[in-house]
Amino acid sequence: MSAGADGSGGGGGAGTEARVGGGSPGADGFVPSALGTREHWDAVYERELKTFQEYGDTGEIWFGEESMNRLIRWMQKHKIPLDASVLDIGTGNGVFLVELAKFGFSNVTGIDYSPSAIQLSGSIIEKEGLSNIKLKGTFDAISLNPDNAIEKRKQYVKSLSRVLKVKGFFLITSCNWTKEELLNEFSEGFELFEELPTPKFSFGGRSGNSVAALVFQKT
């Protein structure tokens with residue numbers, strides 16, 4: 001789940017991204033995965049769409065409700081206008097779009113490269129009775145793609161830079177990319193604006209964050 005917003009000369013975005021191990025590392029030490037393929041996500045959302053149609057279950061909320069609320073609280077704290085254009089990149093089941101709309105954001109768009117995800121999110125949005133949400137990959141899927149993932153990640157960052165205005169914001173939550181790795185990936189065209197507090201874990205006498213949540217600003 002990712003999102004972007006433009007308004008009052010600026011833009012913003014919010015995203016949740018994941019990286020999963022398994023397989024052989026690529027040239028950059030990164031491990032590709034089936035999670036980086038469109039076929040995987042088509043199958044996932046086809047199952048979730050069938051479940052929603054049969055039982056009304058909206059499916060999994062990636063990173064949980066607290067993660068969504070953390071991003072929305074940040075947007076409210078920094079007075080992102082409610083009529084700002086917000087783009088949810090890799091919208092999945094569209095639940096984050098629904099939450100944004102319920103908080104009063106009126107110009108919200110979700111995109112996803114899985115047609116099944118768009119169909120599922122459209123069904124959920126219709127059930128919620130919301131009419132001001134538009135539906136059109138995500139960094140996690142792109143970064144896990146077994147086919148030339150390094151170049152795909154670079155293209156993602158370039159494309160993101162094109163859709164945001166100068167001084168616009170991009171929010172990202174990652175469960176496997178560290179803060180330092182994200183800073184490196186988004187070093188061209190973006191600078192770190194703020195790090196959001198996230199849950200911590202302790203293991204073997206060492207502690208750290210279970211996820212990284214960063215706010216980047218387009219330079």
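Within the stretch 145-158, residues that are on the phi < 0 side of the Ramachandran plot and open to solvent by less than 30 Å² (accessible area, probe 1.4 Å) reach partners that are at pLDDT 80 or above and part of a loop (DSSP other than H, G, I, E, B) with beta carbons closer than 9 Å, at six or more positions or on different chains, in the pairs Val157/Phe186; Val157/Ser187; Val157/Glu188; Val157/Gly189.
Can you name the residue in the stretch 179-217 that is among the aliphatic types (A, V, I, L, M) and in a loop (DSSP other than H, G, I, E, B) and, of all such residues, is modelled with the lowest pLDDT?
Here is the first cut: in the stretch 179-217, the ones among the aliphatic types (A, V, I, L, M) are 182-183, 192, 196, 211-215.
Now drop any that are not in a loop (DSSP other than H, G, I, E, B), which leaves 196, 211.
Values: Leu196: 92, Val211: 82.
Among them, the one singled out is Val211.
Scanning the stretch 182-195 for residues that are surrounded by 15 or more Cβ atoms within 10 Å (Cβ to Cβ) and acidic (Asp, Glu) gives a single hit, Glu185. Residues in the stretch 167-178 that are buried (at least 18 other Cβ atoms within 10 Å of the Cβ) and in a loop (DSSP other than H, G, I, E, B): Gly168, Cys175, Trp177.
I'd like the full set of residues that are in contact with a helix residue (DSSP H, G or I) (Cβ under 6 Å, 6 or more places away or on another chain) and buried (at least 18 other Cβ atoms within 10 Å of the Cβ), limited to the stretch 100-118. The answer is Val108, Gly110, Asp112, Ser114, Ser116, Ala117. The residue of the stretch 65-99 that is surrounded by the most Cβ atoms within 10 Å (Cβ to Cβ), among those that are among the aliphatic types (A, V, I, L, M) and over 20 Å from Phe216 (Cβ atoms), is Leu97.
From the list Lys127, Lys136, Lys102, which residue is among the basic types (Lys, Arg) and at pLDDT below 85?
Working: Lys127 fails: at pLDDT below 85; Lys102 fails: at pLDDT below 85.
None of the other options fit; the residue is Lys136.
Sub-6 Å Cβ pairs linking a first residue in the stretch 114-138 that is on the phi > 0 side of the Ramachandran plot and of a type in the set (Phe, Trp, Tyr) to a second residue that is outside any loop (DSSP other than H, G, I, E, B) and surrounded by fewer than 22 Cβ atoms within 10 Å (Cβ to Cβ), at least 6 apart or interchain, number zero.
The values are calculated or read from the model by the stated rules, or taken from the named source; none is laboratory data. If you're wondering where the values come from, they're calculated on a predicted model, not measured in any experiment. So basically every Cβ, Gly included, is an ideal-geometry build from the backbone, and we count neighbours across all protein chains shown. Ligands, DNA and RNA are stripped out before the accessible areas are found, and what is left, the full protein with its side chains, is counted by its heavy atoms. Shrake-Rupley method; radii C 1.70, N 1.55, O 1.52, S 1.80 Å.
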